[in-house]
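Quick note: the coordinates plus some simple rules give every number you see, no bench work behind them. Quantities reported herein were computed from a predicted structural model and do not represent experimental measurements. Glycine gets a Cβ as well: all are built from the backbone with ideal geometry, and neighbour counts include every protein chain shown.
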Amino acid sequence: MRCKPTDWNVIEGKKCEICGKKAEISLLYGPQHYCKMHFIYLIEKRVKKTIRKYSLIKPKEKILLAMSGGKDSSVAAYLINKIFSNSCEIKALLIDEGIKGYRNKSIEFAKKNCKVWNIDYKVIKFEEEYGISMGKIQKKIMKDSSIGNPCSFCGIMRRQLMNKYARTIKADKLVTGHNLDDECQSILMNVCDNKPELFIRLGAKSGFIKSEKFIPRVKPLYEIPENEVFAFANFAGIKYYGGECCPLSHEAKRNEYRETVNRLEKAYPGTKYSTINFFERIKGMLQKDVYSEFKLKQCKQCGEPASTNICKVCEKLARIKK
Ligand code: SF4
Ligand code: ZN
């Protein structure tokens, strides 16, 4: 099953809506067709609109870009740097989970882009922060699969580190590369798993709970489909890691949702936008019903914000380090 797009739609014989030149991409939900230059212009305009609509970033804020070297975070970093480099202080965080043959390769793209775009960056390694890399966690899981799967460790550890570092440097916002497809898949997964509490991570600006311990995470690509992010990266000449997917990926379920959402979009163009629009409409109700009960605590071991006395990261690591 595919873990990333390999192409974008283009209907032969169509002309760019704006200049009339040969179209290089077709947006089937329009339908609209664009040449490379006008597609780049369109995406920039749409990202600016998302930023305004959800008040994602304001001038003079301190911004931390989470960069992996993949297409999504590279495109998000490129655009935010282009739009805000004169009005905001921008830094980048590159997290090295210790996945040989994958992250060591992708992180090189992130470093190079930071140098080209003149962005200060910091690399943080799981091994140094938590005393264990994902490679070592995988070895333990291979001996005892009841511990969980690699992604269940990696995701929470990465999120905790991003938040912690963003707080350390007093960032106002943490920018991630999540796109429209990521959000649609997560919305549907949370519905099918009956986990409304996980909606807290979704939306252009995540985090219903206001706390100085949580730095708001913002997603400038929230309204851009994944294959359009892919096309933009290629048309704009952005260098990114396009190699094999993570060898530890345990995201078979997410890939099923990816395929399903793409199938639905093909049959009923506009499905992805309808899905996030539905989420936007019920967000307010969730805030009242699901999160009003939520009490934020502090992990007794590491001091990070948690919903229980011991945070998920400490709990899972204690089990694996036994
Ligand atoms: Fe981590 Fe899983 Fe993503 Fe690999 S696929 S980087 S293990 S969350
Ligand atoms: Zn903890």
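Converting phi to 3J(HN,Hα) with the Karplus coefficients 6.51, -1.76 and 1.60 and the offset θ = phi - 60°, segment 105-116 yields 7, 5, 5, 5, 5, 5, 4, 4, 4, 4, 5, 4 Hz in sequence order, with x at every glycine or proline. Take every Cα pair under 8 Å whose residues are at least 6 apart in sequence, average their separation, divide by the length of segment 163-322, and the relative contact order is 23 percent.
Near I224, within a Cβ-to-Cβ distance under 14 Å, what is the net charge of the other residues, with Lys and Arg +1 and Asp and Glu -1?
So the surrounding residues net to -1.
Segment 40-129 has equivalent-ellipsoid semi-axes of 25, 14, 11 Å, by the square roots of 5 times the alpha carbon gyration tensor eigenvalues, sorted largest first.
Taking other C-beta atoms within 10 Å as the exposure proxy, V191, V75 rank V191, V75 from fewest upward. Take every DSSP beta bridge whose two residues both sit in segment 14-92; close to 50 percent of them are antiparallel.
Is the shape of segment 259-322 best called rounded, prolate or oblate, per the rule: a/c under 1.5 gives rounded, else a/b larger than b/c gives prolate, else oblate, with a ≥ b ≥ c the square roots of the Cα gyration tensor eigenvalues? Cα axes put segment 259-322 in the oblate bin. If one takes the longest principal axis of the Cα atoms in the chain, at what angle in degrees, from 0 to 90 and to the nearest 10, does the Cα axis of helix 180-192 lie? Value to nearest ten degrees: 50. Comparing the chain with the 2.2 N^0.38 Å rule of thumb, its C-alpha radius of gyration ratio is 1.00 (two decimals).
How do the peptides 234-245, 92-103 rank, highest first, by the average count of neighbouring beta carbon atoms within 10 Å per residue?
Working: 234-245: 16.0, 92-103: 20.6.
Going by the mean number of other Cβ atoms within 10 Å, highest first, we get 92-103, 234-245.
Please work out whether segment 97-172 counts as rounded, prolate or oblate from its C-alpha gyration tensor, where a ≥ b ≥ c are the square roots of the eigenvalues and a/c under 1.5 means rounded, while otherwise a/b larger than b/c means prolate and anything else oblate? Because a/c hits 1.5 or more and a/b fails to exceed b/c, segment 97-172 counts as oblate. Report, for the chain, the % of DSSP beta bridges that are antiparallel, rounded to 5. If I count the DSSP bridges inside the chain, around 35 percent turn out antiparallel.
The modelled label-to-label distance for the pair K82/N194, using points 7 Å beyond Cα in the direction of Cβ, is 4.6 nm. Among L65, L180, sorting on how many other beta-carbon atoms sit within 10 Å of each Cβ, with the fewest leading, yields L180, L65.
If amide H atoms are built 1.01 Å from N in the plane of the peptide, which residues on other chains or at least 5 residues away come under 5 Å of the amide H of K125? Result for K125 returns D96.
Over the residues of the chain, the helix contribution to mean residue ellipticity at 222 nm works out to -14500 deg cm²/dmol, using -39500 (n - 2.57) for each DSSP H run of at least 4. Ignoring aspartates and glutamates fewer than eight residues from K14 along the same chain, the ones with Cα atoms less than 17 angstrom from its Cα are E24. Can you bin segment 153-236 into rounded, prolate or oblate? Criterion: square roots of the alpha carbon gyration tensor eigenvalues sorted a ≥ b ≥ c, rounded for a/c under 1.5, prolate for a/b above b/c, oblate for the rest. Verdict is oblate for segment 153-236.
The angle separating the long axis of helix 134-143 from the principal Cα axis of greatest extent in the chain is about 60 degrees. Between the helical axis of 252-267 and the longest alpha-carbon principal axis of the chain there is an angle of about 20 degrees. Using θ = phi - 60° in the Karplus curve 6.51 cos²θ - 1.76 cosθ + 1.60, the 3J(HN,Hα) couplings for segment 4-15 round to 7, x, 10, 7, 10, 7, 8, 9, 4, x, 8, 10 Hz; x is entered for Gly and Pro.
Each residue of segment 307-322 was assigned a 3J(HN,Hα) from its phi angle through the Karplus expression (A = 6.51, B = -1.76, C = 1.60, θ = phi - 60°), giving 8, 10, 5, 10, 6, 4, 5, 4, 5, 5, 5, 4, 5, 6, 7, 4 Hz with x at Gly and Pro. Relative contact order for segment 1-141: 16 percent, from Cα pairs under 8 Å spaced at least 6 residues apart, divided by residue count.
For Q298, the residues whose amide H sits under 5 Å from its own are A306, ignoring neighbours fewer than 5 places away on the same chain, with H placed 1.01 Å from N. Sequence-distant contacts, meaning Cα pairs under 8 Å at least 6 residues apart, place the relative contact order of segment 59-190 at 34 percent.
Highest mean packing comes first when the peptides 12-22, 214-224 are listed by Cβ atoms within 10 Å, giving 214-224, 12-22.
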